[in-house]
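The values are calculated or read from the model by the stated rules, or taken from the named source; none is laboratory data. Model, not experiment: these values are computed from the prediction. Neighbour counts run over all protein chains shown; Cβ positions are idealised from the backbone, glycine included.
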Amino acid sequence: MKAKRYLQGITGGLLGCGLLAATATSAMAQPEEPWAELAVDAYSQYIWRGYAFSRDSLVIQPSMTVGWQGFSVNLWGNLDTDLYGADTSVWNETDLTLAYDHSFGPLDLGIGYIYYGLGGEDDTQEFYLAVGYDTFLSPSLTIYRDTDAAPGWYVSLAVGHSIALADNLSLDLGAEAGYVYTSDYDALHDGVISAALPYQFGDYFTVAPVLAYSFALSSDAKDELEAANDAAIGRDRANFVYGGLSLSMEF
């Protein structure tokens, strides 16, 4: 999951809403030799599956990933620099992801486990299965199953495309739709449209400005997100525009 992680990360957590990357299927394909990536993202807001976890503050999200022959381990965190206007910074999430990805010709398969360590809230965990196909728009389908604090299913369908602008510069576009099924909520839930301009410099570094728009996909989702976000951040909103900058080093 290391490629195009700046588009994945902007939706929160390691995977966020799924494989939003412009070349989502190639993100699953891992080299045989060991690899590692260190990254730090700075975004105007933390949005995850349509839910807002910050308000009027910069969030800083460092991550570290190591992988070998399709196996990978990722540690990701979120630092809110001014949590709800409290004039104090708060480290409020640490996620651990274990994953295995493998390609069968143009078909890419991935399985994984995510542990969400949530400061001030009950921790939870998910298992997921991802399927992608290496063709036009790189479609991918990811199914998540929460087995702990918030039992239910989340299904993400994503497409993307990358346009080369120069030798080390591209425009990466992504779109995603999410569906939620729980015992008391069942709806087309959220959509995300995202764009990034990754520029690679040197042998190891990439910097990417990122912009995203998150929105409700149905009237039920709009009601759910407005109520949840009003309770969480004091604003009954279901749509958000947010963005920032991603810096990564891969070796």
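Close contacts from segment 169-189, counting a first residue that is free of Cβ contacts under 8 Å to residues at least 12 places away in the same chain and a second that is among the basic types (Lys, Arg) and surrounded by 13 or more Cβ atoms within 10 Å (Cβ to Cβ), with Cβ to Cβ under 7 Å and a gap of 6+ residues or different chains, come to none at all. Does ASP146 satisfy the criteria of being touching a residue at least 24 places away in the same chain (Cβ under 8 Å) and under 28 Å from PRO62 (Cβ atoms)? Here the answer is no, as ASP146 does not meet what is asked.
Can you tell me which residue in segment 83-97 is surrounded by the most Cβ atoms within 10 Å (Cβ to Cβ), limited to those that are out of contact with any helix residue (DSSP H, G or I) (no Cβ under 7 Å at 6 or more places or on another chain), β-branched (Val, Ile, Thr) and in a strand (DSSP E or B)? Residue satisfying both the conditions and the ranking: THR97. Here the condition is being on the phi < 0 side of the Ramachandran plot, within 14 Å of the chain's Cα centre (by Cα) and in a strand (DSSP E or B); of TYR100, TYR116, it holds for TYR116 alone. Of all the criteria given as (1) surrounded by fewer than 19 Cβ atoms within 10 Å (Cβ to Cβ); (2) hydroxyl-bearing (Ser, Thr, Tyr); (3) closer than 14 Å to GLY50 by Cα, the one not satisfied by SER194 is (1).
A search for C-beta distances below 6 Å between a residue of segment 86-97 that is at pLDDT 95 or above and any residue that is assigned to a loop (DSSP other than H, G, I, E, B), counting only pairs 6+ apart in sequence or on different chains, returns ASP95/GLY13; ASP95/LEU14; THR97/LEU14.
Of everything in segment 174-190 that is buried (at least 19 other Cβ atoms within 10 Å of the Cβ) and of a type outside the set (D, E, K, R), the residue that is farthest from ALA228 (Cα to Cα) is GLY174. Considering segment 204-214, and only residues there that are farther than 16 Å from LEU169 by Cβ and either touching a residue at least 40 places away in the same chain (Cβ under 8 Å) or among the β-branched types (Val, Ile, Thr) (or both), the residue that is surrounded by the most Cβ atoms within 10 Å (Cβ to Cβ) turns out to be SER214. With respect to the conditions (1) under 16 Å from the mean Cα position of the chain (by Cα); (2) of a type in the set (A, V, I, L, M); (3) assigned to a loop (DSSP other than H, G, I, E, B), ALA130 lacks only one, and its number is (3).
Taken over segment 133-189, residues that are in a strand (DSSP E or B), within 30 Å of PHE201 (Cα to Cα) and of a type in the set (S, T, N, Q) amount to 3. Of all positions in segment 226-241, none carries a residue that is at pLDDT 95 or above and under 30 Å from TRP35 (Cα atoms).
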